[in-house]
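The values are calculated or read from the model by the stated rules, or taken from the named source; none is laboratory data. All values reported here derive from a predicted model rather than from experimental measurement. We place every Cβ from the backbone using ideal geometry, glycine too, and count neighbours over all the protein chains shown. For accessibility, only protein heavy atoms count, side chains too; no ligands or nucleic acids. Shrake-Rupley method; radii C 1.70, N 1.55, O 1.52, S 1.80 Å.
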Amino acid sequence: MERHCENARKVAEYLDNEPKCKKVYFPGLRTHPNHDVAARQMKDFGGMISFELFAREDGPKLLDNLRVLPVAISLGDVETLLEQPATMTHKAYTKEALEEAGIPEGLVRMSVGLEDADDIIGDLRQAFEKV
């Protein structure tokens with residue numbers, strides 16, 4: 001768990017500075033609206049990150065260009081996994097239904113694994129170049 005948390009923190013910090021990322025959801029970031037609550041209640045911040053891209057179509061561009069990190073609809077493993085609800089698990093939802101469910105069209109969910117954090121970030125970085 002320490003490795004999950006450490007890697008997630010590094011990846012979240014990278015994503016928070018990635019210009020093609022609209023928003024990052026990770027309670028370990030000081031900019032997260034519930035950071036103070038999470039810091040009081042948790043020993044660390046976990047390995048789950050969500051981030052928004054600027055458009056629905058940016059998700060497949062990013063995910064299709066990953067070279068190392070797998071795309072999967074089931075999250076929570078020792079390896080890093082990513083998925084975009086609007087084009088995968090919730091593909092049948094209309095734009096309005098996604099909004100009603102609180103799912104931004106450009107949202108990507110990521111379960112950060114135990115790989116070297118620099119390898120995870122490196123794969124994201126090269127994939128973002130194609131978005």
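Here are some notes:
- Sole residue being within 26 Å of Lys130 (Cβ to Cβ) and without any contact (Cβ under 8 Å) to a residue 40 or more places away in the chain, chosen from Glu13, Glu52: Glu13
- Every condition in (1) in contact with a Phe, Trp or Tyr (Cβ under 7 Å, 6 or more places away or on another chain); (2) at pLDDT 95 or above; (3) open to solvent by less than 50 Å² (accessible area, probe 1.4 Å); (4) within 14 Å of Ala12 (Cβ to Cβ) is met by Tyr25 except one, and the failing one is (3).
- Within the option set Thr87, Thr80, being in contact with a Leu (Cβ under 6 Å, 6 or more places away or on another chain) and hydroxyl-bearing (Ser, Thr, Tyr) holds for one residue only, Thr80.
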